[in-house]
Structure formats: structure tokens, C-alpha cells
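*Asks:* Take a look at the following structure, please.
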Amino acid sequence: ASRQRRRGRTGVAGVILDASNRVLLLEHVFWPRLRWGLPGGWAKEGEVPREALEREIREELGLNATAGEELARSERDEHLSVVFLCDVAQTRPSRLAFEIADARLFSREEMPADLLDLHREAIEAARNRSCEPMV
């Protein structure tokens, strides 16, 4: 039996919240069905998911982010998607890459209806976590 297995791709995304618990969402140029979503992208060969996310946020938004706690994950076929809570010094992008049409902060009430389930799940997990009292 062959021990070779085709390696799937790893998608990464990050939840960035501001002090008012609003989440940073991006309007993606190349997402025909769901326009808005979390910042992120694909891990390169041999790249650790957290590092891939930090690179993607730097490239897309010009922000230095630290990927922290894993909030959600999904495995479908050979495709893995991981969403992390991100820490940034500021939530205002210094630039938008060509594949990003817009970047906006959304409150719970303003959230776009057509978000990926994984993104919605991760955002709720992050918001609930940020409301917990600090010990």
C-alpha cells in the first residue's frame, strides 16, 4: 500500500476585536458568494498556521498581528481551516492589498448576514471570551 498521501491546503483567518468589541472584517475582491470575511489566507508549504496568519495580515492590511488562541477549526476533505484570536496595536489598516476592497469594524448588530459559519463561530467565541472577567 502506498504511504503517500496528497497534502491538503491550510486556510487561516484571524479575529481582530477593538476596545468596543467590534470585529474587523474585510470585503474580499475574489470571493464571489460571500463578500465579507475575516482577514486571512493560505499557509505556504512548511509554514506554521499562526505564522501564516501573521504574514497574511501584514500583507493584506499592513498590521503587525500576534496570532494567539485558536477559536475554531474545520476539516473538510484534505482542507484544514483554523481561526485564531489576534492581538494588534491598532485596528486601522495602514494599507489594503489589491484583493481587499474594504476593511471595516462591525458591531454585533451590524454584522453582514452572509458570513462563513466558521468565521461567525470564531467571532462569537472571541466576543464571549472578551466579556469574561479577568482573574
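*Asks:* Taking the criterion of being of a type in the set (Phe, Trp, Tyr), over 20 Å from GLU47 (Cβ atoms) and in a loop (DSSP other than H, G, I, E, B), would at least one residue in segment 101-124 satisfy it? Let's see the steps before the verdict.
*Replies:* Taking segment 101-124 first, the residues of a type in the set (Phe, Trp, Tyr) are 106.
Retained after the next criterion (residues that are over 20 Å from GLU47 (Cβ atoms)): 106.
Those left that are additionally in a loop (DSSP other than H, G, I, E, B): none.
No: segment 101-124 contains no residue that is of a type in the set (Phe, Trp, Tyr), over 20 Å from GLU47 (Cβ atoms) and in a loop (DSSP other than H, G, I, E, B).
*Asks:* Right, LEU34: modelled with pLDDT under 95, among the aliphatic types (A, V, I, L, M) and either more than 12 Å from VAL12 (Cα to Cα) or assigned to a strand (DSSP E or B) (or both) or not?
*Replies:* Working: modelled with pLDDT under 95: yes; among the aliphatic types (A, V, I, L, M): yes; either more than 12 Å from VAL12 (Cα to Cα) or assigned to a strand (DSSP E or B) (or both): yes.
Yes; evaluated as a whole, the condition is true for this residue.
Quick grid of which residues meet (1) more than 13 Å from LEU38 (Cβ to Cβ); (2) touching a His at 6+ places or on another chain (Cβ under 8 Å); (3) surrounded by fewer than 16 Cβ atoms within 10 Å (Cβ to Cβ); (4) at pLDDT 95 or above:
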site: GLU60; (1), (2), (3), (4): no, no, no, yes
site: ASN64; (1), (2), (3), (4): yes, no, yes, yes
site: ALA67; (1), (2), (3), (4): no, no, no, yes
site: LEU71; (1), (2), (3), (4): no, no, no, yes
site: GLU78; (1), (2), (3), (4): yes, no, yes, no
site: VAL83; (1), (2), (3), (4): no, yes, no, yes
site: CYS86; (1), (2), (3), (4): no, no, no, yes
site: PRO93; (1), (2), (3), (4): yes, no, no, yes
site: LEU96; (1), (2), (3), (4): yes, no, no, yes
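*Asks:* Also, I was wondering about something else. (1) open to solvent by 10 Å² or more (accessible area, probe 1.4 Å); (2) assigned to a strand (DSSP E or B): which one isn't true of GLU54, the others all being true?
*Replies:* For GLU54, the exception is condition (2).
The values are calculated or read from the model by the stated rules, or taken from the named source; none is laboratory data. Please read all numbers here as calculations on a predicted model, not as lab measurements. Every residue, glycine among them, receives a Cβ derived from its backbone with ideal geometry; neighbour counts consider all protein chains shown. Please note that ligands, DNA and RNA were not included when accessible areas were found on the heavy atoms of the full protein model with its side chains. Shrake-Rupley method; radii C 1.70, N 1.55, O 1.52, S 1.80 Å.
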